[in-house]
1. Full-extension gain between Asp26 and Arg124, please, as 0.36 nm times their residue separation minus the C-alpha to C-alpha distance.
2. Relative to the first principal axis of the alpha-carbon coordinates of the chain, what is the inclination of helix 66-79, with its axis defined by its Cα atoms, in degrees from 0 to 90 and to the nearest 10?
3. To the nearest 0.05, how large is the calculated FRET efficiency for His300 and Arg357 if R₀ is 35 Å and r is the Cβ-Cβ distance?
4. Quick one: angle between helix 262-281 and the longest Cα principal axis of the chain, in degrees between 0 and 90, rounded to 10, please.
5. If r is the Cβ-Cβ distance from Asp275 to Ala384 and R0 is 22 Å, what FRET efficiency results, to the nearest 0.05?
6. Taking amide H positions as placed 1.01 Å from N in the peptide plane, with prolines and chain starts having none, which residues 5 or more places from Arg288, or on another chain, fall under 5 Å of its amide H?
7. What is the helix-to-structure angle for 170-179, meaning the angle in degrees between its Cα long axis and the longest Cα principal axis of the chain, kept from 0 to 90 and rounded to the nearest 10?
8. Taking the beta-carbon count within 10 Å as an exposure proxy, list Thr30, Thr164 from fewest neighbours to most.
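Computed from the coordinates by the stated procedures, all read-outs in this text should not be read as laboratory data. Computed from a prediction, not measured in an experiment: that's the story for all the values here. With ideal geometry, Cβ positions are generated from the backbone for all residues, glycine too; neighbour counts draw on all protein chains shown.
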Amino acid sequence: MAKRPTSPPGDQAKGLATRLTHAGRDRELTGGAVNPQVQRASTVLVESADQLYAPGVWTYGRHGTATHKALAQAFCEIEDAAHCALVPSGLLACTVPIFTFAEAGGHVLVTDNCYGPTRRFCDRSLKRWGVEVEYFDPAIGAGITSLLRPNTKLVFMESPGSLTFEVCDAPAISSAARKVGAVSIMDNTWSAGVYHRPLDLGVDISVQAATKYVSGAADVLNGGILTRSEALIRRIEASVDDLGLNVSPDDAYLVLRGLRTLATRMSQHQASGLDIATWLQSRSEVRRVLHPALPNDPGHALWKRDFSGSTGLFGVVLEPASRSAVNAFLDALELFGLGFSWGGFESLAIHCDPQIRRTATQPAFEGPLLRLSIGLESPDDLKADLERGFDALRAAR
């Protein structure tokens with residue numbers, strides 16, 4: 001956990017790539033090196049007995065090291081947050097704030113398009129603890145007012161949804177939540193904070209799976225919880241302490257190393273993703289492309305208003321085909337790996353239908369839904385790979 005240091009005048013006028021290159025590099029963290037040291041610790045020795053219980057004195061490794069402080073400071077730069085709590089996974093970034101603000105006998109609202117494990121936590125753990133969970137249409141916007149109650153403790157959004165890519169009206173939903181004293185939370189992993197700043201839109205807490213774009217190398221698990229409210233971060237930090245959560249310094253170092261190149265990588269993911277998404281729209285095998293940056297997407301107007309760019313993750317609805325034909329398409333791919341994560345340098349593809357769970361809405365795609373994560377390979381090579389898949393799809397029909 002860390003508070004962002006006060007920036008010198010003019011720092012916020014610098015570009016994101018510049019700020020991410022230099023954030024978390026105070027000499028006290030680096031010892032003069034370019035990168036912070038990987039500081040490993042469990043027991044921490046203090047100088048005198050009166051420091052053992054003094055407030056604010058570092059006494060245990062679980063409270064973080066210089067490595068964690070550097071990452072938290074740099075993470076704050078992405079979304080212009082004041083405070084960051086680090087957790088060991090993206091799922092914990094989502095569930096720790098829910099755990100913190102939900103209460104027995106209380107009511108929470110969760111977008112129907114949320115990340116599957118987030119939904120599982122709400123259905124399995126929250127309900128066991130006596131919390132009423134209600135899911136809402138991600139396109140509800142200001143209509144969320146009709147669902148809010150005096151005992152609503154939080155409203156959780158994900159925008160765009162990581163399987164079906166609907167865009168939430170964050171300003172309308174967070175404003176309505178604030179009026180009843182509910183905390184608003186946004187899973188902002190799709191944009192990595194580079195192209196979407198929920199805190200600017202009135203959202204109280206923005207969370208990310210740094211496992212994805214922030215680390216960028218598909219080799220580390222991590223999450224960040226970001227806010228501008230000291231009162232909220234204190235409650236979140238208390239939950240992190242109570243649960244005994246700790247990010248290893250080696251993982252913190254790897255995430256920080258990836259974060260340095262985030263802005264540059266995201267520019268390439270955006271360009272390649274739009275190129276391939278546009279190309280797929282012209283394919284006879286494709287019924288629809290789910291990508292909010294495309295002008296014909298239902299969420300495009302909100303995306304254009306609230307986002308400054310797009311990424312390499314989007315959905316593809318095929319024309320009706322059997323499960324075996326979809327599997328033939330996926331099995332024919334050579335460059336696209338078959339894997340559930342995303343945001344790394346490598347391209348990935350999955351069939352989404354088996355994992356979609358909805359209760360407030362029932363999307364009617366009228367064909368199999370695939371999700372593509374466009375990596376850093378040449379777009380022309382990725383198109384050729386998808387051509388191999390389409391050949392196999394046609395042959396299997």
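1. On the way: separation 98, 0.36 × 98 = 35.28 nm, distance 4.29 nm.
Full extension of this stretch gives 31.0 nm more.
2. Compared with the principal axis, the helix lies near 50 degrees.
3. Details: r = 26 Å, r/R0 = 0.73.
So, using R0 = 35 Å, E works out to roughly 0.85.
4. 20
5. Numbers: r = 13 Å, r/R0 = 0.60.
For Asp275 and Ala384, the calculated efficiency is 0.95.
6. HN-HN under 5 Å from Arg288: Val317.
7. 50
8. Thr30, Thr164
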